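The next block holds one structure in the form of structure tokens; read it before the comments.
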Amino acid sequence: MAKRRVAFYLMTIPALLLFFAFHTFPAIQGIYYSFTNWDGFSDSFDYVGFKNFVNIFQDENVLNSYLFTFKYAIITTILINVISLLIALGLNAKIKAKNFFRGVYFLPNILSVLIVGFIFNYLFANVFPIWGAKLGSEFLSQNILGNSDWAWIGIVIVAVWQGIAYNTILYLAGLQTIPHDLYEASNLDGASRWREFWSITFPMLASFFTINMVLAMKGGLMVFDQIVALTGGGPGRSTQSIAHLIYTGGFQGGEFAYQSANAVIYFIVIVVISALQLKFLQKREMDL
Amino acid sequence: MIKKSTNWPVTILIALGSLLILFPLYMTIAIALKNPEEMAQSIFSLPTGLHFENFSNAIKATNFFNALGNSTVITITTVVFILLTNSMVAYAIARNMKRRFFKVLYFYFISAMFIPFQIIMLPVVKVTTDLHMNNIVGIIILYVVYGLAFNVFVYTGYIRSIPYELEEAATVDGASTFGTFWKIIFPLLAPVSATIGILSCLSTWNDFMLPLILLGEDSYTLPLVQYVFQGQFSTDFNLAFASYLLALTPMLIVYLFAQKWIISGLTSGSIK
């Protein structure tokens, strides 16, 4: 028996050590640097206490990136979930060429986010304005990504185009777990389709709704690839996400320690939001 | 059960929606096959002649086959090692959940799911550079190790639903713990391994951030190459789109042939 126990430790200890070395240790290092003034390449640096944290709360660029990231994450989460639930309902109905359409709607999920972003970047600049001009709208005939008030909408469009794929498949899987006799019973009772959706379909999907909301929100808060491909954070800093700010400031701006402090705050924000979401949505699951 | 006939209004709506999904891909293919004169006439039309020189130019400009090789090596090695090692870690944890060490380990790994990569991004570059791991081998190790957070969670849940009896019989026959895992448990994990394999394959193949911060010129992956060569593409859209299409094609081909398998692999894993 002792031999068996040794084997179980042998199976896990290498993984534990590697995980600590490449995940936990860097996280601790990041927290350590957040209390210094290291620029990322100098030989020496000083301990500065909470100065970075104090400065971050007064930094307009940081505030902007949080506002943009939250606005973006909330809107994409809502749009992705509403649209993918609708598509899943459609794909679950009795339609022609069901497997073909399922394949089409899932397709964006296998594509590189960065390359999709580059493709849409071109479409926003050169293709959509042609349609806008045909419609005779001055607003629609410009490149939306070049407008600091509206560029974020362009990023939302790309994220939703790609993000609905995976959530649709999860909702579709959820719909297929709902027993058929529930619908037959409601048919006999003469329930309307609308009533059927709110009383049977939606409650039965509760756990899928939770997981999809959390996944989409987390993806939205971490947005990076789309920003690089579509706007680079511009025009100005109007679409600079938190992740993009940490990357550009930390690696190119000589703000390694300062952005480490930003990352620590960002981490706390993500944990709190994920925990709140799980708590709130799971409570809803229980109530149903 | 009432037999319903085809729901045409929904079919039409779904078909219209799918056009929105397919349109950017149509544009990608059309632009990749045109030359600037054809573009000037109409952006939307089908290409008249097929300008395959766009592709040969893109292959040269981006050193495509080098990047394809790097992406392939990184993705395949990562997936293989994830399936072999992460499942084994999860097995040890799942069978010892009553012991404190393994229980703590379980929560230690899965809590990392909530830590966004950007938090550790800056120090990871420092650690990997110090260890001379800013190369293909290093990035594979990082992918496999970071995979633990999610994969241990999924594998452990699945392994706990497998009854002990099978292993006990093997132990009576004198099999070692490792032997029991490889011969009995690992084959039983095939469905969940399929799900994890597909997810890790997609996320590794399409990852941009880790290659961006770790890899040097010789080890560029396909997404990274598109980013690095943006400057050259800015004037020649046909070249750019040929390059995008080349980079998307390997996964599109895999998807074309394994689509049914990929989707059902992902859905069965999500219901579990």
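Any read-out appearing in this document is the output of simple, stated calculations on the displayed coordinates, not a laboratory observation. This structure is a prediction, so every number in the text was calculated from the model and none was measured. All Cβ positions, even for glycine, are placed from backbone atoms using ideal geometry, and neighbour counts span all protein chains on display.
A few notes on this one:
- Relative to the Cα centre, the charge distribution of chain B, modelled as +1 at Lys and Arg Cβ and -1 at Asp and Glu Cβ, gives a dipole magnitude of about 1120 debye.
- Between B:GLU168 and B:VAL228, the contour length at 0.36 nm per residue exceeds the alpha carbon distance by 16.1 nm.
- Here the relative contact order of the range A:195-288, from alpha carbon pairs under 8 Å that lie six or more residues apart, stands at 31 percent.
- Amide H partners (placed H, <5 Å) of A:THR36, local residues excluded: A:VAL48
- In plain terms, the residue of A:TRP131, A:TRP150 with the fewest other Cβ atoms within 10 Å comes first and the most crowded comes last, giving A:TRP131, A:TRP150.
- Volume of the convex hull of the protein assembly as shown (Cα atoms only), normalised per residue: 188 Å³.
- Residue-by-residue Karplus 3J(HN,Hα) for the range B:262-267, coefficients 6.51, -1.76, 1.60, Hz, glycine and proline x: 4, 5, 5, x, 6, 6
- Distance between modelled label sites at B:ARG160 and A:ILE13, nm, 7 Å Cα→Cβ extension: 2.6
- Counting neighbouring beta carbons within 10 Å and listing from fewest to most, the residues A:SER65, A:SER42, A:SER241 come out as A:SER42, A:SER65, A:SER241.
- Applied to the range B:83-100, the Karplus parametrisation 6.51 cos²θ - 1.76 cosθ + 1.60 on θ = phi - 60° returns per-residue 3J(HN,Hα) values of 4, 6, 8, 4, 5, 5, 4, 5, 4, 4, 5, 4, 8, 10, 4, 6, 7, 4 Hz, with x for Gly and Pro.
- Computed from backbone phi with θ = phi - 60° and the Karplus coefficients 6.51, -1.76 and 1.60, the 3J(HN,Hα) list for the range B:177-190 is 5, 4, x, 4, 4, 5, 7, 10, 6, 3, x, 5, 7, 3 Hz; x is used for glycine and proline.
- The gain in end-to-end length when the B:LYS103 to B:SER176 segment is fully stretched comes to 24.0 nm, 0.36 nm per residue minus the alpha carbon separation.
- Fewest-first ranking of B:PHE237, A:PHE41, B:PHE65, A:PHE224, using other Cβ atoms within 10 Å as the exposure measure: A:PHE41, B:PHE65, B:PHE237, A:PHE224
- If the segment from B:SER45 to B:VAL73 were pulled out straight at 0.36 nm per residue, it would be longer than the present Cα-Cα gap by 6.3 nm.
- Candidate lysines for bridging to B:LYS60, where Cα separation is under 26 Å - those fewer than 8 sequence places away on the same chain excluded: B:LYS34
- Contact order, relative form, for chain B: 31 percent (alpha carbon pairs under 8 Å, 6 or more residues apart, mean separation divided by residue count).
- Of the Cα atoms belonging to chain A, the radius of gyration and Dmax stand at 23.7, 80 Å.
- Ratio of Rg to Rh over the range B:104-233 (Cα coordinates, Kirkwood Rh, two decimals): 1.09
- Entry for the range A:1-123 at q = 0.13, 0.19 Å⁻¹: log10 I(q)/I(0) = -0.97, -1.12, Debye formula applied to identical alpha-carbon scatterers, no solvent contribution.
- Trypsin sites (Lys or Arg not before Pro) restricted to the range B:1-78 and DSSP loop, no more than 13 other C-beta within 10 Å: B:LYS3, B:LYS4
- Listed by chain and number, the lysines whose alpha-carbon sits under 28 Å from that of A:LYS96, ignoring those within fewer than 8 places in the same chain, are B:LYS3, B:LYS4, B:LYS260.
- Amide N proximity, the range B:58-83 versus B:ILE253 label position 7 Å along Cα-to-Cβ, cut-off under 13 Å: B:65, B:68-69, B:72
- Cross-link pairs A:LYS51/A:LYS283; B:LYS98/B:LYS183; A:LYS71/A:LYS279 - those with Cα-Cα distance over 31 Å: A:LYS51/A:LYS283
- Chain A: most fluctuating residue of A:GLY132, A:GLY234, A:GLY220 per GNM, C-alpha cutoff 10 Å: A:GLY132
- Between A:VAL6 and A:LEU182, the modelled labels are 5.3 nm apart [label points 7 Å from Cα along Cα→Cβ].
- In percent, rounded to a whole number, the relative contact order of the range A:173-241 is 23, using alpha-carbon pairs under 8 Å and six or more apart.
- From its DSSP helices (H runs of at least four residues, each -39,500 (n - 2.57)), the protein assembly as shown gives a residue-normalised ellipticity at 222 nm of -22000 deg cm²/dmol.
- Between amide H atoms placed 1.01 Å from N, distances below 5 Å from A:LYS94 occur with B:ASN7, all of them 5 or more places distant or on a separate chain.
- Partner chain coverage, peptide A:94-104 - average Cβ within 10 angstrom: 6
- For A:ASP43 and A:ILE268, a Förster radius of 45 Å and the Cβ-Cβ distance give a FRET efficiency of 0.90, rounded to the nearest 0.05.
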